[in-house]
Structures are given as C-alpha cells and as structure tokens.
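K.L.:
Below you will find the structure I want to go over with you.
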Amino acid sequence: MSIEQATRLRKTIDQASIKLKQITASLAKIKETPDRWSKQEILGHLIDSAANNHHKFVRTATAPGGHLEFVGYAQNQWVAVQNYQEMNWPELIEFWYTYNRHLVRLMENLPASTHLHTISIDQQEPLTLEFIMHDYNDHLEHHLSQIFHP
C-alpha cells in the first residue's frame with residue numbers, strides 16, 4: 001500500500017510542480033477575500049501538512065506497541081505565524097516539492113509490517129498508518145485543486 005501511495009504522491013507533485021511554476025508571484029499572492037488563503041498560503045499550508053504527516057509516518061511506524069497518540073494543529077495560526085504570504089514564490093514551490101519528494105522516499109521504505117500501526121489524533125478513534133498515507137494524498141489533491149481551479 002505504501003508503494004501505491006508513494007507512486008500516487010510522486011505523480012501528483014511532479015505534475016503540480018509544473019503547473020505551480022506557471023503561476024506568477026503576483027497571482028499567487030491574491031486573496032479573494034481577507035479571510036481566505038491566497039494560492040501562496042495554500043501551498044504554505046501544504047508544507048505544514050507535509051511536516052505534520054512526516055512526523056506521523058515516522059513516529060507511527062516506529063511506535064512501541066504499534067500505537068501513537070498525536071495532537072492536531074491550528075492550521076490558520078501556523079500559516080499566519082510563518083507568513084507564507086511574503087515568501088518568495090519559486091522558493092516556496094521548491095521547498096514544497098523537495099519535502100514531498102522526501103515523503104515519497106519515506107513511503108517507499110516503510111516496512112509493510114508497520115502499515116497497520118495506529119495513531120490517535122487529539123484522542124479520537126485510531127487510524128492506521130495506511131489510512132494516514134492515503135488521507136495525506138487526498139488532502140494534498142484537494143488543496144492543489146483549490147490552487148488550480150479556484
């Protein structure tokens with residue numbers, strides 16, 4: 001399953017990075033309304049998601065007893081405090097792409113024996129590592145769709 005998710009992630013980021021590079025820096029900063037993220041902030045959020053899921057993947061795979069408790073994160077505050085809106089657009093794209101390439105390699109190398117290890121986020125119902133990898137791809141594709149088809 002992790003190979004399937006790694007392949008899916010690689011395909012998504014390879015295709016998206018080409019499209020992201022076609023978006024101008026000024027267009028990436030436009031906010032439709034003050035309370036909505038710009039394309040640039042959405043991509044920043046996807047970096048935060050990559051960071052959070054990186055921890056989930058590694059820590060869940062190595063959790064003693066095969067289970068880990070994890071806390072959620074305040075996504076709006078993370079985007080605001082990191083001020084993605086003011087980052088250099090090409091650098092933001094490159095960072096997002098490189099981080100996700102690392103996640104592809106990680107998914108490819110996760111032992112199959114860890115795929116049913118579980119994680120609970122904010123003490124909710126346990127989810128398998130397999131589900132979390134699938135959900136990461138779904139989340140990424142959802143937000144990329146917001147960037148490309150607002």
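The values are calculated or read from the model by the stated rules, or taken from the named source; none is laboratory data. No experiment lies behind these values; they were computed from the predicted model shown. Because the Cβ atoms are built from the backbone with ideal geometry, glycine has one as well, and the counts that use them run over all protein chains shown.
Residue by residue, here is whether (1) at pLDDT 95 or above; (2) aliphatic (A, V, I, L, M) holds:
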{"residue": "94", "(1), (2)": "yes, no"}
{"residue": "98", "(1), (2)": "yes, no"}
{"residue": "107", "(1), (2)": "yes, yes"}
{"residue": "114", "(1), (2)": "no, no"}
{"residue": "134", "(1), (2)": "yes, no"}
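K.L.:
Tally time: how many residues in region 106-127 are outside any loop (DSSP other than H, G, I, E, B) and surrounded by 11 or more Cβ atoms within 10 Å (Cβ to Cβ)? Write out each step before concluding.
P.N.:
So in region 106-127, the residues outside any loop (DSSP other than H, G, I, E, B) come out as 106-109, 112-114, 118-121, 127.
Then drop every residue that is not surrounded by 11 or more Cβ atoms within 10 Å (Cβ to Cβ), which leaves 106-109, 114, 118-121, 127.
Total satisfying the criteria: 10.
K.L.:
Here is a further query. Quick one: what pairs do we get from region 129-150, first residue among the aromatic types (Phe, Trp, Tyr), second modelled with pLDDT of 95 or more, C-beta under 7 Å, 6+ apart or different chains?
P.N.:
136/53; 148/19
K.L.:
Any residue in region 71-82 that's within 16 Å of residue 55 (Cα to Cα): show its pairings with residues that are hydrophobic (A, V, I, L, M, F, W, C) and modelled with pLDDT under 95 at Cβ separation under 9 Å, as long as the two are six or more apart or on different chains.
P.N.:
71/121; 72/121
K.L.:
Could I ask something else about it? Could you tell me whether residue 48 is acidic (Asp, Glu), at negative phi and at pLDDT below 95?
P.N.:
On the way: acidic (Asp, Glu): yes; at negative phi: yes; at pLDDT below 95: no.
Considered against the rule, which asks whether it is acidic (Asp, Glu), at negative phi and at pLDDT below 95, residue 48 comes out as no.
K.L.:
Restricting the search to region 1-45, which residues are hydroxyl-bearing (Ser, Thr, Tyr) and under 18 Å from the mean Cα position of the chain (by Cα)?
P.N.:
Of the residues in region 1-45, the ones hydroxyl-bearing (Ser, Thr, Tyr) are 2, 7, 12, 17, 24, 26, 33, 38.
Of everything in region 1-45, those that are hydroxyl-bearing (Ser, Thr, Tyr) and under 18 Å from the mean Cα position of the chain (by Cα) turn out to be 2, 7, 12, 17, 38.
K.L.:
Something else: I need the full set of residues from region 32-49 which are more than 16 Å from residue 100 (Cα to Cα) and touching a residue at least 12 places away in the same chain (Cβ under 8 Å), in order please.
P.N.:
Filtering region 32-49 for residues more than 16 Å from residue 100 (Cα to Cα) gives 32-41.
32, 37, 38, 39, 40, 41 - these are the residues of region 32-49 that are more than 16 Å from residue 100 (Cα to Cα) and touching a residue at least 12 places away in the same chain (Cβ under 8 Å).
K.L.:
Would you call residue 11 free of Cβ contacts under 8 Å to residues at least 12 places away in the same chain and either assigned to a helix (DSSP H, G or I) or more than 18 Å from residue 141 (Cβ to Cβ) (or both)?
P.N.:
On the way: free of Cβ contacts under 8 Å to residues at least 12 places away in the same chain: yes; either assigned to a helix (DSSP H, G or I) or more than 18 Å from residue 141 (Cβ to Cβ) (or both): yes.
Against the criterion (free of Cβ contacts under 8 Å to residues at least 12 places away in the same chain and either assigned to a helix (DSSP H, G or I) or more than 18 Å from residue 141 (Cβ to Cβ) (or both)), residue 11 qualifies.
K.L.:
Could I ask something else about it? Looking at residue 85, is it more than 14 Å from the chain's Cα centre (by Cα) and either surrounded by 14 or more Cβ atoms within 10 Å (Cβ to Cβ) or outside any helix (DSSP H, G or I) (or both)?
P.N.:
Numbers: more than 14 Å from the chain's Cα centre (by Cα): yes; either surrounded by 14 or more Cβ atoms within 10 Å (Cβ to Cβ) or outside any helix (DSSP H, G or I) (or both): yes.
Taking the combined requirement at face value, the residue satisfies it.
K.L.:
If you go through region 29-49, how many residues are touching an Asp or Glu at 6+ places or on another chain (Cβ under 9 Å) and part of a helix (DSSP H, G or I)? Break it down into steps so the answer makes sense when it comes.
P.N.:
Step one: of region 29-49, the residues touching an Asp or Glu at 6+ places or on another chain (Cβ under 9 Å) are 29, 31, 38, 40.
Imposing the further condition that a residue be part of a helix (DSSP H, G or I) reduces the set to 40.
Number satisfying all stated conditions: 1.
K.L.:
Sticking with this one: Going residue by residue through region 51-69, is there one that turns out to be outside any helix (DSSP H, G or I), in contact with a helix residue (DSSP H, G or I) (Cβ under 9 Å, 6 or more places away or on another chain) and among the charged types (D, E, K, R)? Full working, then the answer.
P.N.:
Restricting attention to region 51-69, the residues satisfying the condition of being outside any helix (DSSP H, G or I) are 62-63, 67-69.
Filter once more, keeping what is in contact with a helix residue (DSSP H, G or I) (Cβ under 9 Å, 6 or more places away or on another chain): 62-63, 67-68.
Next, from what is left, pick out any that are among the charged types (D, E, K, R): none.
Within region 51-69 (the criterion being outside any helix (DSSP H, G or I), in contact with a helix residue (DSSP H, G or I) (Cβ under 9 Å, 6 or more places away or on another chain) and among the charged types (D, E, K, R)), the answer is no, since none of the residues qualifies.
K.L.:
Within region 46-82, restricting attention to residues that are under 12 Å from the mean Cα position of the chain (by Cα) and among the hydrophobic types (A, V, I, L, M, F, W, C), which residue is surrounded by the most Cβ atoms within 10 Å (Cβ to Cβ)?
P.N.:
Of everything passing the filter in region 46-82, 46 is surrounded by the most Cβ atoms within 10 Å (Cβ to Cβ).
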